[in-house]
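> What follows is a structure written as structure tokens; I'll ask about it next.
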Amino acid sequence: MIPFDFIYCRPDTMEDAYQAFVQLQTEGKNPYYYAGGSEIITMARAGSIRPGAVIDLKQIPQCRVLSLDSEELHLGSVCTLNEVKESKLFPLLALACGRIADHTNQCRITLGGNLCGTIRYRETCLPLLLADASVTLFGRQGLRTVPFTSVFDGRMRLDAGEFLVQVHVPRKALQAPHYHIKQTASEKIDYPMVTVAALWQDHFLRVACSGLCAEPFRSAEMEAVLNAQNLSGADRVRKAVELLPQPAYDDVEGSAEYRKFVFQTILEALLEEVTHGPL
Amino acid sequence: MVRYEGKTVVNLEVNGELHQLAVRPSDLLLDVLREQLGLTGAKPGCKNGDCGACTILMDGWPVKSCLVLAVEAEGHRLLTVEGLGGNAPVQQAFVEANAFQCGYCTPGFLMVCYGLLMQHPTLPEEYVVEEWLQSNLCRCTSYREIRKAVKQMYQKK
């Protein structure tokens, strides 16, 4: 059980959601936006957080969109990982969704929850970083659509009370050759030791990574090295590993050195794939 | 906009019946099913979304009821192991394949397997079955028998 009470709101519109947030904040209720709920329930039960109110976004039509038009794929923030996966519209994102938690939990965890939550891996961000995705947010300024990278630097940087409405993926990236590998310490279902996602677009290899450092990243410097035709494969990998944007993560699941070793092994396999064709 | 504060009456559709229940917004669906409706088939295990013992179906898809607020379940069709009736093909298959030892995890596995059958009316590829079953743990390690039961379930339906 969750050993305290909170207020539960289920708005039908984006405006109502934001107004509810502002109102509850004014009342000192420490409101949380709520989607799948897995993380909030788990942390509330453990006493790690104590929301005075949750605002359930699942009833808002714009947050439930899952559609493809001539330009982009539009994914509502409360689409579950399973819905994204089953839609088969963005295979690389489907692979990422299919390796987060287990299948039953994938039927509850949402795209927005994975991106905006506090669990540091945020593995759905990797395909979005590679695909030049954009996001629509709702907050004090109303709706705004911005490049994903302008509000994500390993974690979402939203204004107070702002929430994620949709993710947009350019059509060009959807069917691009891709690669996804997740290495865990032992069990298949676990947080990643290292997850690498790659996309081959415009004859250029794009690479993003989670688990290796404290936060997920895509590095232009690392990609430049990995695409340097004047270097051997081994040299590219060695230099890429030296270009980590943050120190490698070091915990009981894996030491920093081991994580770098795993990353190096994955990059070697990735370049091998590239050598034999577009992934 | 729905706003619930304190004890509130909600309507939940469980196993085809509509129930009016007084719940707190922070009450978990698992606890409400067990303590207010007496549907003790869904089991508390880890209560952390890991073990799957509390699995039920919501609109035909499996969910771990320890990770759902009861108030969230309004407007959705809930199915617990009691709703299978006791003689469903999946239950027969589990009996015939001896797909349990202590039985604590069995209701959760039954619901995952029933959900698999609903979403994949014909036996899907092996990796799909594996993916679905990986959501649940059996500490008696009856995994081989459970896999056998899944195949028998498809033969029986």
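The values are calculated or read from the model by the stated rules, or taken from the named source; none is laboratory data. Computed from a predicted model, the values in this text were never measured in an experiment. Cβ atoms come from the backbone with ideal geometry, glycine included; neighbour counts cover every protein chain shown. The protein model used for the area step is the full one, side chains on, heavy atoms only, and it has no ligands, DNA or RNA in it. Shrake-Rupley method; radii C 1.70, N 1.55, O 1.52, S 1.80 Å.
> Just checking: which of the helices (runs of 4 or more DSSP H) contained wholly in region A:168-279 hold 1 or more residues that are open to solvent by 50 Å² or more (accessible area, probe 1.4 Å) and under 28 Å from residue A:75 (Cβ atoms)?
Counting at least 1 such residues, we get A:171-174, A:220-226, A:256-275.
> Quick check on my filter: what residues within region A:129-166 are open to solvent by 20 Å² or more (accessible area, probe 1.4 Å), in contact (Cβ under 8 Å) with a residue 24 or more places away in the chain, of a type in the set (A, V, I, L, M) and part of a strand (DSSP E or B)?
Once the filter is applied, which keeps residues that are open to solvent by 20 Å² or more (accessible area, probe 1.4 Å), in contact (Cβ under 8 Å) with a residue 24 or more places away in the chain, of a type in the set (A, V, I, L, M) and part of a strand (DSSP E or B), region A:129-166 yields A:143, A:156.
> Now, a different point. Quick one: is residue A:126 assigned to a helix (DSSP H, G or I) and at pLDDT 95 or above? Let's see the steps before the verdict.
Working: assigned to a helix (DSSP H, G or I): yes; at pLDDT 95 or above: yes.
Against the criterion (assigned to a helix (DSSP H, G or I) and at pLDDT 95 or above), residue A:126 qualifies.
> Residues in region B:110-125 that are of a type in the set (A, V, I, L, M, F, W, C), in contact with a strand residue (DSSP E or B) (Cβ under 8 Å, 6 or more places away or on another chain) and open to solvent by less than 60 Å² (accessible area, probe 1.4 Å): how many?
Counting residues in region B:110-125 that are of a type in the set (A, V, I, L, M, F, W, C), in contact with a strand residue (DSSP E or B) (Cβ under 8 Å, 6 or more places away or on another chain) and open to solvent by less than 60 Å² (accessible area, probe 1.4 Å) gives 2.
> Moving to a separate point now. Name the single residue that is nearest to the chain's Cα centre (by Cα) among those in region B:7-26 being open to solvent by less than 30 Å² (accessible area, probe 1.4 Å) and more than 7 Å from chain A (Cβ to nearest Cβ).
Here the residue is B:14.
> What are the residues in region A:185-227 that are modelled with pLDDT under 95 and β-branched (Val, Ile, Thr), if any?
Correct list: A:189 only.
> Looking at region B:58-75, I want the residues that are over 19 Å from residue B:35 (Cα atoms) and more than 9 Å from chain A (Cβ to nearest Cβ) and have a partner that is surrounded by fewer than 24 Cβ atoms within 10 Å (Cβ to Cβ) and among the polar types (S, T, N, Q) with Cβ atoms under 8 Å, at least 6 apart or on another chain. Which pairs are those?
If the second residue must be surrounded by fewer than 24 Cβ atoms within 10 Å (Cβ to Cβ) and among the polar types (S, T, N, Q), the pairs left are B:60/B:119.
> Counting just the residues of region B:33-45 that are in a loop (DSSP other than H, G, I, E, B) and in contact (Cβ under 8 Å) with a residue 40 or more places away in the chain, which one comes out surrounded by the fewest Cβ atoms within 10 Å (Cβ to Cβ)?
First, pick out the residues of region B:33-45 that are in a loop (DSSP other than H, G, I, E, B): B:36-45.
Still in the list and also in contact (Cβ under 8 Å) with a residue 40 or more places away in the chain: B:39, B:41-43, B:45.
On the way: B:39: 22, B:41: 19, B:42: 25, B:43: 22, B:45: 22.
Once the filter is applied, the top-ranked residue is B:41.
> Which one is nearest to the chain's Cα centre (by Cα), of the residues in region A:88-121 that are within 14 Å of another protein chain (Cβ to nearest Cβ) and hydroxyl-bearing (Ser, Thr, Tyr)?
Per the criteria, the residue is A:110.
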